[in-house]
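The numbers here are math on the coordinates, done by the rules we state, and not lab data. Being a predicted model, the structure only gives us computed values, none of them experimental. Neighbour counts are summed over all protein chains in view; Cβ atoms, including those assigned to glycine, are modelled from backbone coordinates with ideal geometry.
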Amino acid sequence: MTLSRFSSRTHALDSEFLAKALTGASKYFRIAGYFRSSIFELIGEEIAEIPEVKIICNSELNWVDFKVATHRDIAIKERWNDVDVASEALLNKDRYQILDALLRKGNVEIRVVPKERLFLHGKAGSIHYPDGTRKAFIGSVNDSKSAFAKNYELVWQDEDSDSADWVEEEFWALWQEGIPLPEVVIAEVHRVAHRQEVTIDALKPADIPAAALAEAPIYRAGEQLQPWQRSFVTLFLQHREIYGKARLLLADEVGVGKTLSMAASALVSALMDDGPVLILSPSTLTMQWQIEMQDKLGIPSAVWSSQKKVWLGNEGQMLSPPGEASSIKKCPNKIGILSTGLIMHQCDNGEFVKEAGLLLKNRYGCVILDEAHKARVKGGLGENANQPNNLLRFMREMGHRTRHLILGTATPIQTHVDELWELLKILNSGAEFVLGDSLSLWHNTEMATALVTGKSRPIDEREAWALLRNPLPPSGENPTVQNIRDNLGMANDDFHCSHNFDNLDYFVQSMWLSECLDASFFNACNPVLRHTVLRKRKQLEDMGLMEKVSVSAHPLPGKSSLYQSRFIELGIPTNHPFQVAYESAEKFSKLLNARTKAGGFMKSLMLQRICSSFESGKKTAQRMLQHTVANEDEDNAETVETLLSNMSPNEVDCLREIESQLSRPEAVDSKLQTVKWFLTEFRTDGKTWLEHGCIIFSQYYDTAEWMARELAKSLNNEIVAVYAGQGKSGLILNNQFNAVERETIKTAVRNREIRLVVATDAACEGLNLQALGTLINVDLPWNPSKLEQRLGRIKRFGQARKGVDMLNLVYSETQDEKVYKVLSERLKDTYDIFGSLPDTIEDDWIASEEELKKRMEQYIHERDDAKNAFELKYSATVDPNANLWERCEKVLSRRDIVSLLSKGW
């Protein structure tokens, strides 16, 4: 037996020990340590010619994460990417290239183990030689070339076979616990080894999405745009090339991720210098848009504050002089986000005034309208019936002021087909390749719908030509169309044919147009399919592209004993102060309604806020007494301030009564007690909800902050995270609040260092918290799509639980309870829990339970009819292996991207 001892104080370990020991080796088995440095150690060791090399090292992952394959790969890649890629690719390019070659050669195999199951601190190795001899070594040496060459380390080398057996017994036991290094890491090593920074003018348009997004935060975090999101961006670019401008309606179902699809398209448009980007969304979503673009795509944007008349940056900082309405024309960033509420309230006798009027003086490269179903024709009776509302009127004008136009909505495809046509007509404004000019038959909704659904067909070739030529489909859409275009010598960028039917030759009239008479022709070749994109969640789940996770909604009807009688039917009991305050809120709403038509809006605002929490109700009353509103309601600030500045003494008395009652010591909010009980005592699958991890949602920051602080006080030494917009996020421990970035919270949740998060809706878009297994809705938005978005934070790939739990809290004998009673009857399908709910519930539906039930039934009937009519199949465009942008080697630097998008309008 030969025992050798090495000290870096007296020996050069890299040359005298390691290089010599590996020379001529046939096998090398290594118990390493830290994940990233262990893999890079391969470069420093002489292993390129060794036929069999096996390395086992730490993954730095928790065991729970480690078990779920998808989440494991994402988390491992995120940890691998925990470096500055721009500097890494330059400083260590040679190391990446050598490592890339080793990993692809096939003689090197790496496995990783979870840190909780086994944390590899001991370092050892076994080296085989062709003559059958072996050497084993152990020591303090860490796993990098610098450790062998520079650090102070001790190594013992033993040539005894018993020592080698002992090391290898340990090695193979660990090897069985590990999993192979994921392909996503191997692909990233290859990408960085060949990485090259380029400028925008060196790229073709089709290459820009990959170059811009390969190193965006979403990809550095180990995730990616989903296949259907990538296919939408690709379609956007295709339409830009074919038509010179893109006009698209994105009608993906709720929870599929429309925001990121549209945001990535806006990014590409901005980088190609098509012009300013304007994003219009409801006020409750403007912050979500800004947060999603920053957190996922890493790009700056500015949000217009209607109340302060100022552009706000990602941290809420002012980017323009406050109080200057004219600043709206000069957004300081390339991408500006505005609330549609501003447009709805700034039209006078058909003319847009103030900021809305100023917006229509600009020209844009790309305009996006989110929740586009709100742009519609007014219903009802009277002189305003069938007239466009202000948003629809605005968008018709905006269509002529922008190159690209994207509308995002799910609702019209689900229900009103005529509303779908109104949206297509918006797309057609300034782009008559969509529906054709004013003489086009495609403007006839009833006729066009029958053709699109295959229920009718042209009566003869003459009618077929009238449908086909205006607008004329692009080259390549259909062989028949291509033949006709070639015959008539039509240019690729010409989408209107002036040829009369009688002037067409025999081939067109009798051969090719006859092929258009079959009902299947216009069923497949029509403006709806051409300019509308629809992917359904169930379809994506069936394709394995979205996770199927069941949802149990609590309280379960008729199971009050499960909850120790904490519920009265579906609501939780309140107390006398709240009941008096709620009655005062209802009285206040009635007084306002009698005084002004705008009272209906104030009723919704007041009742939803008091039904959120006692704290929210109290602070709302206090603000109203000061003639102001919370940030979430700033779109209506001018209207509210006008109404409140003229309050009657009775109205003021109602608000003071609300404030007084909810300030009393006995006004203890039962929602807080119920939440604490579910977190610490109620068990599902053998664990409390806190042990599963829980996210608590509210529409309002008042409620979220109050709930987080109260929970931190009562849950001793439990860190509670507040996840909100514009610099309001932070961590609370006992009574101490520390402001932190949202990314810090997301990372801590992924690492299971935080298991309780309280969040607002404004911040929930793009928040991936599959490490948490339960969800509590402290309040109930009258917008089921928001409930779907909340649930989507935990119901996603990587969720360790097969089914998650959701608690919905409403106060007994309130308007919220009436709404929830109707909604709860439809929460039957645990895999599609909101599938029988509309995307939004209009205020006028809530007059009574009977009226709400009637409207819901009507909605579902209309949606089923529309679903049968529009079985649009997009599965062919969703290829999971297409557009793998994370593998792009020629990239735009993040600095250049931010610099380009920081230029104003």
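Couple of notes before you dig in:
- Residue exposure sequence - Trp677, Trp172 - by fewest surrounding Cβ within 10 Å: Trp172, Trp677
- Contour excess over end-to-end distance, with Cα ends at Asn386 and Lys548 and 0.36 nm allotted per residue: 54.1 nm
- For the listed residue pairs Lys54/Lys93; Lys378/Lys821; Lys374/Lys538; Lys258/Lys308; Lys536/Lys818; Lys77/Lys296, the alpha carbons are over 27 angstrom apart in Lys378/Lys821; Lys258/Lys308; Lys536/Lys818.
- Neighbour counts of other Cβ atoms within 10 Å put Thr23, Thr774, Thr340, Thr596 in the fewest-to-most order Thr23, Thr596, Thr340, Thr774.
- Cα pair distances of the stretch 576-662 binned at 10 Å [whole percent]: 19, 60, 20, 0
- Residues in the stretch 501-517 carry Karplus couplings, in order, of 4, 5, 8, 6, 7, 4, 4, 5, 5, 9, 9, 6, 5, 5, 5, 7, 7 Hz; the curve used is 6.51 cos²θ - 1.76 cosθ + 1.60 with θ = phi - 60°, and Gly or Pro positions show x.
- Estimated inter-spin distance, Asp131 and Glu315, nm [label 7 Å along Cα→Cβ]: 6.6
- A cut-off under 11 angstrom between Cβ atoms defines the neighbours of Lys590, and their net charge, with Lys, Arg +1 and Asp, Glu -1, is 0.
- Under 5 Å from the amide H of Ile776 lie the amide H atoms of Ile695, Ile696, Phe697, Leu807, each residue being 5 or more positions distant or on a separate chain, with H modelled from the backbone and absent for Pro and chain starts.
- Spin-label model distance (nm) - Glu583 vs Asp162, 7 Å beyond Cα toward Cβ: 9.0
- Shape of the stretch 516-662 from the C-alpha gyration tensor: oblate (a/c of 1.5 or more and a/b not above b/c, with a ≥ b ≥ c the square roots of its eigenvalues).
- Between Asp94 and Val353, full extension at 0.36 nm per residue minus the direct alpha carbon distance yields a gain of 87.2 nm.
- Length gained when the stretch Ser565-Ala187 is fully extended (0.36 nm per residue, less Cα-Cα span): 130.6 nm
- Simple spin-label estimate for Gln622 and Asn483 in nanometres, 7 Å along Cα-Cβ: 7.6
- The stretch 648-752 - charge dipole about Cα centre, Lys and Arg +1 at Cβ, Asp and Glu -1, debye rounded to 20: 540
- Protection proxy ranking, peptides 323-336, 239-252, average beta carbon neighbours within 10 Å, highest first: 239-252, 323-336
- Sorting 271-282, 457-468 by average packing, meaning the other beta carbons within 10 Å per residue, from highest down gives 271-282, 457-468.
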